[in-house]
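Input: a single structure, listed below in structure tokens.
The values are calculated or read from the model by the stated rules, or taken from the named source; none is laboratory data. Please read these numbers as outputs of a predicted model, since none were measured by experiment. Note: ideal-geometry Cβ built from the backbone for every residue, glycine included; neighbour counts use all protein chains shown. The accessibility values were calculated without ligands, DNA or RNA, using every heavy atom of the protein model including side chains. Shrake-Rupley method; radii C 1.70, N 1.55, O 1.52, S 1.80 Å.
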Amino acid sequence: MVLMKYSLIALFLFATNTFGQQIKSPEVQPDGQVTFRLKAPGAKEVQLHCEGVKNALMQKNDQGIWSFTTEPLDPDIYAYSFSIDGVHAIDPANPLLKFNLLNTESQVHVPGPKSLPWEINDVPHGTLHRHFYRSVAADDERDFLVYTPPGYDATARKRYPVLYLLHGYSDDATAWPSVGLANIILDNLIARNQAKPMIVVMPLGYGTMDILKAGWSRVRDPQLGQRNADKFRETLLDEVMPKAEKAYKILPSRNFHAIAGLSMGGAQSLTIGLNNLDRFAWIGAFSSGGVNTNYSEQFPALNAKISKQLRLLWIACGKDDHLLESNQKLVEWLKTKGMNLTWTESPGGHSFRVWRRDLATFTPLLFQDNN
């Protein structure tokens with residue numbers, strides 16, 4: 001994983017030196033129009049792939065610079081990439097990356113009002129901490145990140161509730177703060193008194209890195225998928241949680257413990273959270289992917305009595321997400337078991353453009369009226 005990061009950095013530096021710094025890309029206009037540019041005089045065809053924009057052929061000028069200007073885009077953060085004669089490429093003129101273990105892209109920020117939860121404001125900011133450790137369960141070296149809220153004092157007696165926040169397949173432990181802007185969202189919500197100050201723990205979401213070596217074909221290997229899920233549960237429950245609870249001022253009661261995640265992390269939040277209600281009272285799942293249809297085997301103990309142990313079960317998915325139907329089926333099954341839950345469908349697909357909003361909606365619901 002580390003070697004892959006270094007390779008991407010080397011590729012970026014090579015591309016920057018090759019194409020030159022004189023290219024301004026992306027260029028965001030006040031009305032939200034964005035112009036993308038790429039110097040590739042030898043290319044025969046360059047296509048832009050950008051969230052919210054239909055795949056567009058870029059046009060080349062006599063200097064070998066390809067460009068494309070979008071219609072006005074809503075304030076948001078959009079992932080994009082180029083296809084140069086069929087080869088995927090990031091934007092060499094843009095250092096803002098959406099890092100990914102399988103498919104890194106560039107990002108463009110179309111700024112909006114400061115009321116948007118991911119916009120940086122002049123408010124007190126929390127702190128991000130990064131921990132490295134040897135995982136016995138996964139048999140490797142790995143990391144987890146921790147957000148501590150503004151005013152956190154490791155020497156004080158005050159303790160805080162905790163949210164274990166899980167990323168999706170192909171991401172790593174840095175995804176929620178670097179792409180999802182989780183720390184910025186929490187800073188803003190806490191400053192507005194819309195969310196309780198909380199600690200957020202963001203672990204690496206794989207039980208075995210073999211699941212990444214298999215790429216997207218992992219779905220055809222149920223044994224590998226199950227091994228990954230089982231070992232991740234061990235890394236979270238037996239390694240990350242004890243380390244976090246020892247190092248930080250975390251309240252010990254399950255009433256102050258939440259788990260949530262996106263895509264693969266959403267499925268992990270459901271399977272781990274609903275099967276460990278002695279440890280979690282708040283569960284969130286955003287665009288869950290990886291929950292198979294044998295629900296009774298995955299969630300053997302669910303019933304209306306069990307449901308009363310939950311303070312919140314919050315499940316959401318984008319209306320244009322390819323996982324919408326599978327999430328709807330899961331929600332309907334959970335209701336037949338007497339589970340009290342909140343189901344939310346929102347505009348958008350399988351994207352952080354949806355998940356940032358999910359986090360901003362979910363976290364204000366946590367730890368309210370706790371004793």
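Annotations
- For the pair the stretch 52-98 / the stretch 139-175, the C-alpha centres are spaced 34 Å from each other.
- Area accessible to solvent at C50, 1.4 Å probe radius, in Å²: 10
- FRET efficiency for Y295 and H88, using Cβ-Cβ distance with R0 set to 30 Å, rounded to 0.05: 0.25
- Rounded to the nearest 20 debye, dipole of the stretch 86-218 from Cβ charges on Lys, Arg, Asp, Glu: 520
- Eligible aspartates and glutamates near K196 by straight Cα distance, threshold 12 Å, same-chain separation 8 or greater: D187, D369
- Net charge in the neighbourhood of Y248 (other residues with Cβ under 12 Å of its Cβ; Lys, Arg +1, Asp, Glu -1) is +3.
- If R0 is taken as 25 Å, the Cβ-Cβ distance between N193 and T344 corresponds to a FRET efficiency of 0.65.
- Relative contact order (%) - the stretch 94-144, alpha-carbon pairs under 8 angstrom, separation at least six: 18
- Percent accessible area from carbon and sulfur atoms, the chain, protein chains only, probe 1.4 Å: 52
- T344 long-range amide H proximity, modeled H, under 5 Å: I315, A316, C317
- Note on N370 and D153: their simple-model spin labels are 2.0 nm apart, each label 7 Å out from Cα toward Cβ.
- When you restrict to C-alpha pairs under 8 Å that are six or more residues apart and normalise by the size of the stretch 44-167, the relative contact order lands at 16 percent.
- Of the listed residues H125, H131, H257, the order by accessible area with a 1.4 Å probe, largest first, is H125, H131, H257.
- This model, with +1 at the C-beta of Lys and Arg and -1 at the C-beta of Asp and Glu, gives the chain a dipole about its Cα centre of some 960 debye.
- Cα-Cα separations in the stretch 42-88 greater than 13 Å, expressed as whole percent: 57
- Accessible-area order (highest first, 1.4 angstrom probe) of the listed residues H322, H109, H167: H322, H109, H167
- For the chain: relative contact order, % (alpha-carbon pairs under 8 angstrom, 6 or more apart): 12
- Area accessible to solvent at W282, 1.4 Å probe radius, in Å²: 10
- I250 long-range amide H proximity, modeled H, under 5 Å: Y160
- Taken about its Cα centre, the stretch 52-131 carries a charge dipole of roughly 200 debye when the Cβ of each Lys and Arg holds +1 and the Cβ of each Asp and Glu holds -1.
- Between S115 and D320, the contour length at 0.36 nm per residue exceeds the Cα-Cα span by 71.3 nm.
- Kyte-Doolittle mean at least 0.0 and Cα axial length at least 20 Å: DSSP H helices in the chain: 2-19
- Alpha-carbon Rg/Rh ratio, for the stretch 92-219, with Rh computed the Kirkwood way: 1.01
- The 3J(HN,Hα) values that the Karplus relation (6.51, -1.76, 1.60; θ = phi - 60°) gives for the stretch 288-293 are, in residue order, 4, x, x, 7, 6, 7 Hz. Gly and Pro appear as x.
- Cut-off under 5 Å, modelled amide H: who pairs with K98 long-range: E105, S106, Q107
- Per-selection Kirkwood Rh - the stretch 163-293 (Cα, Å, 1 d.p.): 15.2
- In the complete set of protein chains, residue-level accessible area for Y133 is approximately 20 Å², probe 1.4 angstrom.
- Residues in the stretch 309-315 carry Karplus couplings, in order, of 6, 8, 7, 7, 10, 10, 10 Hz; the curve used is 6.51 cos²θ - 1.76 cosθ + 1.60 with θ = phi - 60°, and Gly or Pro positions show x.
- Counted charge near W343, where neighbours are those whose Cβ lies closer than 11 Å (Asp, Glu -1; Lys, Arg +1): -1
- Sorting the Cα pairs of the stretch 269-371 by distance into bins of 10 Å, from 0 upward, gives 15, 49, 32, 5 percent per bin.
- When the charge dipole of the stretch 124-249 is built from unit charges on Cβ atoms (+1 for Lys and Arg, -1 for Asp and Glu) and taken about the Cα centre, the candidate among S170, L189, M202 whose Cα reaches farthest toward its positive end is L189.
- Binned Cα-Cα distance frequencies in the chain - 10 Å width, integer %: 5, 23, 31, 25, 12, 4, 0, 0
- Shape category assigned to the stretch 85-132 from the gyration tensor of Cα positions, a/c cut at 1.5: oblate
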